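What follows is a single structure, written as structure tokens, with notes after it.
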Amino acid sequence: KQNYYQTPTFASAAWLTYTPKGGLLNIGNVVSFGRRGKSLHVGLGGLSISESQKWELTYMFGGRYDLSRRFSLLAEYSNSETGLNNDFKGFISFGIRFKGEYIAWDFAGFRPLENTGDLLFLPLIKATIVF
């Protein structure tokens with residue numbers, strides 16, 4: 001993810017992810033609205049699966065609320081065009097971010113908005129390095 005525009009109340013960043021197993025490529029942009037300490041964000045992207053050679057729309061929205069200078073609460077919803085067309089209700093995630101000087105750690109759980117039996121959340125750990 002690369003932040004390329006920022007004001008006190010608006011920011012925009014482009015992202016690119018690749019997942020080798022499954023050949024998933026996701027390219028998109030996210031915009032954030034809000035002041036320092038709390039913000040809402042909306043993102044749109046394109047997802048390509050190497051076997052299908054087709055692109056489809058992905059989208060997400062969520063928010064961040066700073067508990068302190070170092071800790072933030074995170075929440076997000078995401079889905080795709082195929083998911084919507086097949087009555088898939090998408091994914092939600094909740095977590096906390098610890099911000100250091102040059103690295104931020106996200107510890108979260110995510111799950112589909114479907115009946116998953118005894119499964120509450122799958123773990124998600126992400127590190128973001130600032131350079």
Subject >> Intensity falloff of the chain expressed as log10 I(q)/I(0), Debye formula with alpha-carbon point scatterers, at q = 0.11, 0.13 Å⁻¹ >> reply: -0.44, -0.62
Subject >> Share of carbon and sulfur in the accessible heavy-atom surface of the chain [1.4 Å probe, %] >> reply: 63 percent
Original post:
Which residues in region 80-100 have a backbone N closer than 13 Å to a point placed 7 Å from the Cα of Thr17 along the Cα-to-Cβ line?
Top reply: 80, 91-94
Subject >> Local electrostatic count at Phe121 - Lys and Arg +1, Asp and Glu -1, tallied over other residues with Cβ under 14 Å >> reply: -3
Subject >> Residues whose placed amide H lies under 5 Å from that of Gly90, excluding near-sequence neighbours >> reply: Leu113
Original post:
Given +1 on the Cβ of Lys and Arg, -1 on the Cβ of Asp and Glu, and no further charges, what dipole in debye does the chain carry about its Cα centre, rounded to the nearest 20?
Top reply: 660 debye
Original post:
Per residue, how much accessible area does region 39-131 have with a 1.4 Å probe, in Å²?
Top reply: 69 Å²
Subject >> Contact order relative to length of the chain, as percent, for alpha carbon pairs under 8 angstrom and 6 or more apart >> reply: 13 percent
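Do any GluC sites (Glu not before Pro) in region 71-131 lie in a DSSP loop with no more than 15 other beta carbon atoms within 10 Å, and if so, which? Please report the intermediate quantities before stating the final value.
On the way: sites: Glu76, Glu81, Glu101, Glu114; in loops: Glu101, Glu114.
Loop-located and lightly packed - Glu101, Glu114.
The values are calculated or read from the model by the stated rules, or taken from the named source; none is laboratory data. Here the structure is a predicted model, which means the values were calculated and not measured. Methodologically, a virtual Cβ is constructed for each residue, glycine included, from the backbone with ideal geometry; neighbour enumeration extends over all protein chains shown. The area values use the complete protein model at the heavy-atom level, side chains included, leaving out ligands, DNA and RNA. Shrake-Rupley method; radii C 1.70, N 1.55, O 1.52, S 1.80 Å.
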